[in-house]
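For reference, the structure is listed below as structure tokens.
The values are calculated or read from the model by the stated rules, or taken from the named source; none is laboratory data. From a predicted model like this one, the values you see are computed outputs, not experimental measurements. For neighbour counting, all protein chains shown are included, and Cβ atoms are generated from backbone atoms with ideal geometry for every residue, glycine included. Areas reflect the complete protein model, heavy atoms only, side chains present, ligands, DNA and RNA absent. Shrake-Rupley method; radii C 1.70, N 1.55, O 1.52, S 1.80 Å.
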Amino acid sequence: ELKAPVLGLYGGADAGIPVDTVEKMREALKKAGKPSEIELYPDAPHGFYADYRPTYRKEAAEDAWKKLQAWFKKHGVA
């Protein structure tokens, strides 16, 4: 019942959101035919974008930011 496109940016080393859960989300979106993109950063933990935390991963965060900006532009938000 989603009404908006979905962009998911996940850390593969996130203990709170297991990779199999991310894959289930990816499959559900695919089956629903909804515009979506799921990016999994294999070595990134939860909070990889938070530059004030020890979990910060610069390379993944910078890539995720670029993907987010492109996603918003593609879908008319920015």
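For LEU9, the residues whose amide H sits under 5 Å from its own are GLU39, ignoring neighbours fewer than 5 places away on the same chain, with H placed 1.01 Å from N.
For the chain, report the accessible area per residue in Å² (1.4 Å probe, heavy atoms, rounded to an integer).
Values: 5580 Å² over 78 residues.
Roughly 71 Å² per residue, with all protein chains present.
For the chain, the longest principal axis of the alpha carbon atoms and the long axis of helix 58-74 meet at an angle near 20°. Using just its DSSP H runs of length 4 or more, each adding -39500 (n - 2.57), the chain gives a mean residue ellipticity at 222 nm of -13000 deg cm²/dmol after division by all residues. With a Förster radius of 30 Å, plug the Cβ-Cβ distance of GLU1 and ILE38 into 1/(1 + (r/R0)^6) and report the FRET value to the nearest 0.05. E(calc), rounded to 0.05, equals 0.95. With the Cα gyration tensor of the chain giving a ≥ b ≥ c as the square roots of its eigenvalues, does the rule (a/c under 1.5 for rounded; else a/b larger than b/c for prolate; else oblate) give rounded, prolate or oblate? Taking the square roots of the gyration eigenvalues as a ≥ b ≥ c, the chain is oblate. The distance between label points at PHE72 and GLU27 comes to 3.3 nm (points 7 Å beyond Cα on the Cα→Cβ vector).
Leaving out ligands, DNA and RNA, and with a 1.4 Å probe, what % of the accessible surface on the chain is carbon or sulfur? Each step should come with its number before you reach the end.
Numbers: 3150 of 5580 Å².
The nonpolar share, carbon plus sulfur, comes to 57 percent.
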